[in-house]
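Bear in mind that the values in this text are calculations on the coordinates, not laboratory data. In this text, all values refer to a predicted model and were calculated from it rather than measured experimentally. Glycine gets a Cβ as well: all are built from the backbone with ideal geometry, and neighbour counts include every protein chain shown.
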Amino acid sequence: MIRPTLARDVDAVLTLAEAIGLFGVDQLGEVRGMFVGYLEGGEDSGRFWLTNEHAGGVLGVAYCEVERMARGTWN
C-alpha cells in the first residue's frame, strides 16, 4: 500500500536509505533532517514523502518536492 509517510516511519526510512546505498552513513543525518523538516512543514510545504508498506514493513520510500527553479514556468 502506498501512503503518506508518517513520523513512525523515520527509522525504517533511514534503514532503507542506508541499505540501498544511495546515502553514506555520514549523510543519513541530512536525510533525517529532510524528514523532520517535512513533518514540521505540514501539507503546505510544497514537499511530501510517500511510503510503500506491505505486511507492516516499509518496502520503499519516495521524496517529492516542487522544483524551485521552475516556479512560474507552468500553467
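Taking the fewest neighbouring Cβ atoms within 10 Å as the starting point, the ordered list for Phe23, Phe35 is Phe23, Phe35.
Remark: the Leu59-Val25 segment gains 10.3 nm on full extension, using 0.36 nm per residue and subtracting the alpha carbon distance.
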